[in-house]
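One structure is given here, and the rest of the page talks about it.
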Amino acid sequence: MYPENSIEEAVQRLIERRTVKVIHMLEPGPSDAQMHKILSAAIRVPDHGKLAPWRFIEFNGDARVAFGEVLGRCYQVQKPEATEAQIAHEAARFLRAPRVVAVISRVKHEHKIPVWEQTLSAGAACQNLLVAANLVGFVAQWLTEWYAYDKGVDQALGLEQDERVAGYIYIGSAAEKPPERPRATLDEVHSQWVAPS
Ligand SMILES: Cc1cc2nc3c(=O)[nH]c(=O)nc-3n(C[C@H](O)[C@H](O)[C@H](O)COP(=O)(O)O)c2cc1C
């Protein structure tokens, strides 16, 4: 179906996947066509009950600047003692990467599909965004920071009652491969189940 070497490469990229932190992100970001592909991968996550328990709000170009005003204002509400410099710093959050996607988890309560499963599906959508961005040739970071947990920001995003931010996925380019970071080894987290004798 796919050439053997492309499968090998895709698996190797998964094995070696590393986040590139937003402070190291550069232009360019994905084109509109590339972004369409990345988002198309995000909506192919497992979704028990066909609920589509997620949606995506993208910030591109000047929208990142405009939303910065919301971030600055909400930060000031949280921290009335914040200095002008701190507010300006918060307002510039989305400018750290060419594209930012807010992944919104939206759950149906009182539904036979547990909320836990609907929430996991939103997490999977975040991960698919990261992986697809990597495969298309970009780098990405999944951040929540304070503004995934702020009522004012939620309101500015137009979130409904059963919606919340699962993460902001920042996507851009990088000049260098990030260094490895300590990780659990497979032996530490994997075991074979053995039937009790
Ligand atoms: C739900 C979620 C929220 C995260 N939020 C933050 C964050 O707010 N700030 C941060 O520095 N890293 C955050 N991270 C961690 C980074 O996305 C990233 O995983 C980390 O830098 C390690 O890099 P790695 O993905 O290469 O292991 C978050 C990860 C997850 C899964």
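The values are calculated or read from the model by the stated rules, or taken from the named source; none is laboratory data. What you see is a predicted model; the values in this text were computed from it and never measured. Counting neighbours? That spans all protein chains shown, and the Cβs are built from the backbone with ideal geometry, glycine included. Note: accessible area is taken over every heavy atom of the protein model, side chains too, but ligands, DNA and RNA are not part of it. Shrake-Rupley method; radii C 1.70, N 1.55, O 1.52, S 1.80 Å.
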Report summary line: Only one of I113, I87 is modelled with pLDDT of 95 or more, touching a Leu at 6+ places or on another chain (Cβ under 7 Å), of a type in the set (V, I, T) and open to solvent by less than 60 Å² (accessible area, probe 1.4 Å), namely I113
Query raised in the report: Which condition number in (1) open to solvent by less than 10 Å² (accessible area, probe 1.4 Å); (2) in contact with a Phe, Trp or Tyr (Cβ under 6 Å, 6 or more places away or on another chain) is the one that Q118 fails?
Result: (2)
Report task. Test each condition in (1) away from the ligand (no atom under 16 Å from the Cβ); (2) at pLDDT below 95 for E58 and report the one that comes out false. Result -> (2)
Query raised in the report: Which residues, taken from segment 143-189, are among the hydrophobic types (A, V, I, L, M, F, W, C) and open to solvent by 100 Å² or more (accessible area, probe 1.4 Å)?
Result: L186, V189
Requested in this report: May I ask you to say which residue of A41, A10 is surrounded by 12 or more Cβ atoms within 10 Å (Cβ to Cβ) and under 30 Å from K108 (Cα atoms)?
Outcome: A41
Query raised in the report: Of the residues in segment 126-178, how many are within 13 Å of the ligand (Cβ to nearest atom) and among the basic types (K, R)?
Result: 2
